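What follows is a short report on a single structure.
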Amino acid sequence: MTETLTCPAGGGQSLPEYPMPRAAQCPLAPAPTAQELRAEKPVTKVRIWNGGTPWLITRHADQRTLLTDSRVSDDDLDPGFPYVNAHRAMIAPVSPRMITNTDAPEHTRLRRTVNGPFVVKRIEKMREPIQKIVDDLIDEMLAGPASADLLKALALPVPSLVIAELLGVPYKDHDFFQTSSSTVLDSSVAPEKAREVSGALAAYLDKLLGEKLENPGDDVLSEMGGRVKAGEMSRTEAVHMGVAMLIAGHETTATMISLGTLALLQHPEQLALLRETDDPKVVANAVDEVLRYLTIVQTGVRRVAKADIEIGGVVIKAGDGMIFDLHAANWDPEAFPEAQRLDLTRQARTHQAFGYGPHQCLGQNLARLELQVVYSTLYRRIPTLRLDAALEDLEFDHTGTTYGVHSLPVAW
Ligand code: HEM
């Protein structure tokens, strides 16, 4: 796809609005204005939905410097925090303190209670179960008509079945778990319905945690149960953490399966590299490159300054909000030459699609493994897979936390 080479330049207004629109003809590229700012004003003020004017940081190197600076905070109770939307601003004061809204040392303590199951060695043990989940879903696709919505047939079920496996949800409850988690995360579902279903899911996880406290197994809920017993975390914290894992890991991974497939179908020569290799290292590298290229978290990582910070000749004042546009950083030519090219052979591991610093994605090893299994299975088992719609007819989600498609019609 050569589209990215001809993407237009951005607007050039004095205080740009954030988020910034993408160019319609380049649906997979970062917003042109964000790219222009990266080149000309890499640390600059923008205006957000509530009139706030946080700093926008677009360069790969600047993001690394700031996201590991202890003066840069994730405290969403700070009045300067640049909330993503009105809903997030409303729930911040009533949200429990979790890994997603605390700084060291509290963040370090909380993160330690959940880190264990997500280290590479533990996650790698899930390769076989994940392979079975993916194979079973592809068997179902192949048993039906030679067309499907890839989102419903594969992309959404994979992460919810995997999280169910990880948390130790009994197989008989998989249908309930998968249907409820899909409903909670479906943006077309009415908010009241989503609240009702998420309440049922939390109640379900709480009951399951109770059972694991009595009868522990080899799963994440049992492990958290052990920490509850040891007084290291409360039962409510453990249930909240279970729901957070489900929410943080579901739509993101599903999007990387559907949008990733779209990107690969648009680049047949790259897809061929993936289809023809049986080298796990090549597949792992390909997954990181697709993560870099798409950088699906489109709302930016949000922080607030706890003290004055000087960077690139600019002073970010204490109390100023900050937004880190991950996609602009992952297309920074200083970090990735010819960043606009999807090149599955490039060394892409230093990308920031999972963020950077102490809050870097807890589930990244799991997400990588799920994507490695899907990317190394789907295109081999269905080599004639093709997009069953015109690119311009696909509906992209420009407002969610992750940038994706509402459905991905495919045929074979
Ligand atoms: C391709 C899939 C995924 C992407 C692109 C992604 C992206 C991200 C990003 C950018 C952050 C950083 C947020 C920040 O710094 O404020 C993050 C944090 C997080 N992610 Fe993921 N994620 C993915 C999958 C998962 C999975 C599978 C799980 C869990 C099972 C998960 C759980 C979390 C949690 C709990 C955090 C918060 C960590 C903290 O604040 O210390 N994510 N993710």
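The values are calculated or read from the model by the stated rules, or taken from the named source; none is laboratory data. Note that this is a predicted model, so its numbers are computed, not measured. Note that we place each Cβ from the backbone using ideal geometry, even for glycine, and neighbour counts take in every protein chain shown. Keep in mind that these areas ignore ligands, DNA and RNA; they rest on the heavy atoms of the full protein, side chains included. Shrake-Rupley method; radii C 1.70, N 1.55, O 1.52, S 1.80 Å.
Some points to look at:
- Subset of segment 339-354 that is under 26 Å from residue 69 (Cα atoms) and either aromatic (Phe, Trp, Tyr) or crowded, with 18+ Cβ neighbours inside 10 Å (or both) - its residue that is farthest from the ligand (Cβ to nearest atom): 348
- Pair list, Cβ < 8 Å and 6+ apart or interchain, from segment 31-55 residues that are assigned to a loop (DSSP other than H, G, I, E, B) to residues that are among the polar types (S, T, N, Q) and buried (at least 22 other Cβ atoms within 10 Å of the Cβ): 42/58
- Single match in 314, 301, 290 (criterion: out of contact with any Phe, Trp or Tyr (no Cβ under 7 Å at 6 or more places or on another chain) and open to solvent by 10 Å² or more (accessible area, probe 1.4 Å)): 314
- Residue match in segment 385-401 (condition: away from the ligand (no atom under 16 Å from the Cβ), in contact with a Lys or Arg (Cβ under 6 Å, 6 or more places away or on another chain) and among the hydroxyl-bearing types (Ser, Thr, Tyr)): no
- Residues being open to solvent by less than 40 Å² (accessible area, probe 1.4 Å) and in contact with a strand residue (DSSP E or B) (Cβ under 8 Å, 6 or more places away or on another chain) - total across segment 10-57: 15
- Within segment 232-257, tally of residues that are acidic (Asp, Glu) and under 21 Å from the mean Cα position of the chain (by Cα): 1
- In segment 158-176, the residues that are within 14 Å of the ligand (Cβ to nearest atom) and part of a helix (DSSP H, G or I): 158, 159, 160, 161, 162, 163, 164, 165, 166, 167
- Unique residue being within 13 Å of the ligand (Cβ to nearest atom), open to solvent by 10 Å² or more (accessible area, probe 1.4 Å) and at pLDDT 95 or above when the list is 136, 103, 149: 103
- Residue, nearest to the ligand (Cβ to nearest atom), within segment 106-133, restricted to residues that are free of Cβ contacts under 8 Å to residues at least 24 places away in the same chain and among the acidic types (Asp, Glu): 106
- Any pair with Cβ under 6 angstrom, 6 or more apart, that starts in segment 230-246 at a residue that is touching a residue at least 60 places away in the same chain (Cβ under 8 Å) and within 16 Å of the ligand (Cβ to nearest atom) and ends at one that is in a helix (DSSP H, G or I) and open to solvent by 50 Å² or more (accessible area, probe 1.4 Å): 233/227
- Among the residues of segment 306-326, just one is within 16 Å of the ligand (Cβ to nearest atom) and either over 24 Å from the mean Cα position of the chain (by Cα) or farther than 21 Å from residue 52 by Cβ (or both), namely 306.
- Residues satisfying the stated conditions in segment 58-75, i.e. touching a strand residue (DSSP E or B) at 6+ places or on another chain (Cβ under 9 Å) and under 15 Å from residue 316 (Cα atoms): 58, 62, 63, 65, 66, 67, 69, 71, 72, 73
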